[in-house]
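Visitor: Quick one: this structure, given as structure tokens, is what I'll be asking you about.
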Protein chains: 2
Amino acid sequence: MASTPTAPGPSARGPSVTLIPEGDNRERQVCPDCGFINYENPKIVVGSVVLWQDRFLLCRRAINPRLGFWTLPAGYLELNEGTAEGAQREAWEEAQARITIDGLLAIYSIPGISQVQLIYRAHLTGPEFAAGPESQEVALFGWDEIPWGELAFPSVKWALDHFREAGATQDFAARSNPIDGL
Amino acid sequence: MASTPTAPGPSARGPSVTLIPEGDNRERQVCPDCGFINYENPKIVVGSVVLWQDRFLLCRRAINPRLGFWTLPAGYLELNEGTAEGAQREAWEEAQARITIDGLLAIYSIPGISQVQLIYRAHLTGPEFAAGPESQEVALFGWDEIPWGELAFPSVKWALDHFREAGATQDFAARSNPIDGL
């Protein structure tokens, strides 16, 4: 259960020392005060390309990075959460939207920022949506109305392109980064 | 650069207090001494079903859990590592095998242990392999010779079944957990 920790002392340093722990073969961040080893691993982002009557749901970011730019509803997978369930949660949190997952669209491996993105194909269960706390605005765009010049991240464009490539195909092989992607 | 931390004092506690940090909406483990917040996220396992002349490469585990049981070459993705690259590294570490990745076979979402597994189709680049430090033994098995009763994890069977289902199909939609999987 939650409780309040005592305020950190002036000499507290956290996992701030880089070394290879015994029995390991990679450098990790270790706390010089308590010996805690901070095993960091790549993070999983789950998200979806969400359709409603041939239009695409996009969110204008209310947070950094890329504040003011348009993105898919997506975010970090949480502990003990399934990947499709996480994509549904993010659609709810960022766009107050209920979605049905239709299948996996793409996996983007972005080692430079230690991220793996799992992007689903999905559709709204109804026409209701609204900006969540991390969005300035949420809107539906026809393909030709998409604000291509104001997309937040390269993978947003990749996912939209891959969605279009998938079309009505059911047995669609999940796509990965474009060759010239990164 | 690596350096040795001082030995932890007797009162050092590490991230041992459960609370919801300010601005967050989930409980995290926080260190009461230095305030370090240990943001834990699900981990990514990368691995592959590796074929050589219609036979499957399996490794008998030399470590817990499931010591002595057979598994695919697979393990945790590391920071700044691509997913296919990670699968190749694991094949080298566990089976001293060089592999070519042929495509994504499956994504298994296992929220109970906060794990997402990305399993590739692959083949050996040559007939050389050997037990790495985490394997007691590495061997090739025809489909009917696979030690089905001695597989280490449910997802090893899922992946072998999905590999067979994929056959020679190139545009194969990545499979996920069987309905009765977990």
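Visitor: Shortest first and in nm to one decimal, what separations exist between B:G112 and its copies in the other chains, measuring from label points 7 Å along the Cα-to-beta-carbon line?
Guide: 4.0
Visitor: Which shape class, rounded, prolate or oblate, goes with segment B:9-48 when its Cα gyration tensor gives a ≥ b ≥ c as root eigenvalues, a/c under 1.5 marks rounded, and past that a/b bigger than b/c marks prolate?
Guide: Working: a/c = 3.96, a/b = 1.52, b/c = 2.60.
Note, shape of segment B:9-48 comes out oblate.
Visitor: Something else about it: Assume the label is 7 Å from Cα along Cα to beta carbon: what separations in nm does A:D171 have to the matching positions in the other copies?
Guide: Nearest first, the other copies' label points are 1.1 nm away.
Visitor: Give me the angle, in degrees from 0 to 90, between the Cα long axis of helix A:83-95 and the longest principal axis of the Cα atoms of chain A, rounded to the nearest 10.
Guide: Between helix and principal axis, roughly 80 degrees.
Visitor: Okay, moving on. Using a/c under 1.5 as the rounded threshold, could you call segment A:115-156 rounded, prolate or oblate? The axes a ≥ b ≥ c are square roots of the C-alpha gyration tensor eigenvalues, and prolate needs a/b larger than b/c, oblate otherwise. Provide the component values of the computation, followed by the final result.
Guide: Values: a/c = 1.33, a/b = 1.17, b/c = 1.13.
Rounded, because the longest to shortest axis ratio a/c is under 1.5.
Visitor: Calculate the length of the line joining the C-alpha centroid of segment B:44-119 to that of segment B:142-177, in whole Å.
Guide: 13
Visitor: Going by the rotation axis that takes chain A to chain B, pick out the residue of A with the closest C-beta and quote the gap in whole Å.
Guide: Here the nearest residue and distance are A:A174, 2.
Visitor: Calculate the tail of P(r) for chain A: the fraction of all Cα-Cα distances greater than 27 Å, expressed in %. All intermediate terms of the calculation are to be shown ahead of the outcome.
Guide: Details: 6269 of 16471 pairs.
Looking at chain A, the distances longer than 27 Å represent 38 percent of pairs.
Visitor: Hey, another quick one. Taking the label point as lying 7 angstrom from Cα along the Cα-to-Cβ axis, what are the distances from A:P127 to the corresponding position in the remaining copies, in ascending order and in nanometres?
Guide: Values, ascending and in nm: 6.7.
Visitor: Follow-up question, since we're still on this one. Straight distance only, please: which lysines reach the Cα of B:K157 with their own Cα at less than 24 Å, same-chain residues fewer than 8 apart left out?
Guide: B:K43
Where a number appears in this text, it was derived from the coordinates with a stated rule and is not lab data. This structure is a prediction, so every number in the text was calculated from the model and none was measured. Backbone-built Cβ (ideal geometry, glycine too); neighbour counts: all protein chains shown.
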